[in-house]
Amino acid sequence: MDVIINIIVVGLVAFFLINKFMPVKGVKQISASELKKELKRKDVQFIDVRTSGEFSRNKINTFKNMPLHELSQKASQL
């Protein structure tokens, strides 16, 4: 019985770790060189969804800060 419980626990831990590092559906990850190309576009608006404190410490000037927890309320500003 202990072996079965251990197998289940290991399986659950593996499942959660795999899900943690898998890309989020609908989120596209790009490289730094791809970002440089995208930043030159004038028809795109970039939103940084980190908190204001995180944004102020390390930001890209062309990005607008709109913390994720405020995004739904401020979506009309986009």
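The values are calculated or read from the model by the stated rules, or taken from the named source; none is laboratory data. Keep in mind the model is a prediction, meaning the values are calculated, not measured. Here Cβ is always computed from backbone atoms with ideal geometry, including for glycine, and neighbour counts include all displayed protein chains. These area figures cover heavy atoms from the full protein model, side chains too; ligands, DNA and RNA do not enter into them. Shrake-Rupley method; radii C 1.70, N 1.55, O 1.52, S 1.80 Å.
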query: Among (1) part of a strand (DSSP E or B); (2) open to solvent by 80 Å² or more (accessible area, probe 1.4 Å), which single condition is Lys64 missing?
result: (2)
- prompt: Restricting the search to region 16-39, which residues are at pLDDT 90 or above and either loosely packed, with under 10 Cβ neighbours inside 10 Å or more than 25 Å from Pro67 (Cβ to Cβ) (or both)?
  reply: Ser31, Ala32, Ser33, Lys37
Qualifying residue in region 17-35 (condition: under 26 Å from Ala75 (Cβ atoms), part of a helix (DSSP H, G or I), of a type outside the set (S, T, N, Q) and free of Cβ contacts under 8 Å to residues at least 60 places away in the same chain): yes
message: Considering only region 4-14, I want to know if a residue exists there that is in contact (Cβ under 8 Å) with a residue 12 or more places away in the chain and surrounded by 10 or more Cβ atoms within 10 Å (Cβ to Cβ).
response: no
Counted residues, region 40-50 - those being loosely packed, with under 10 Cβ neighbours inside 10 Å and either touching a residue at least 60 places away in the same chain (Cβ under 8 Å) or under 13 Å from the mean Cα position of the chain (by Cα) (or both): 0
task: Examine region 51-69 for a residue that is out of contact with any helix residue (DSSP H, G or I) (no Cβ under 8 Å at 6 or more places or on another chain), in contact (Cβ under 8 Å) with a residue 12 or more places away in the chain and basic (Lys, Arg), and state whether such a residue exists.
output: yes
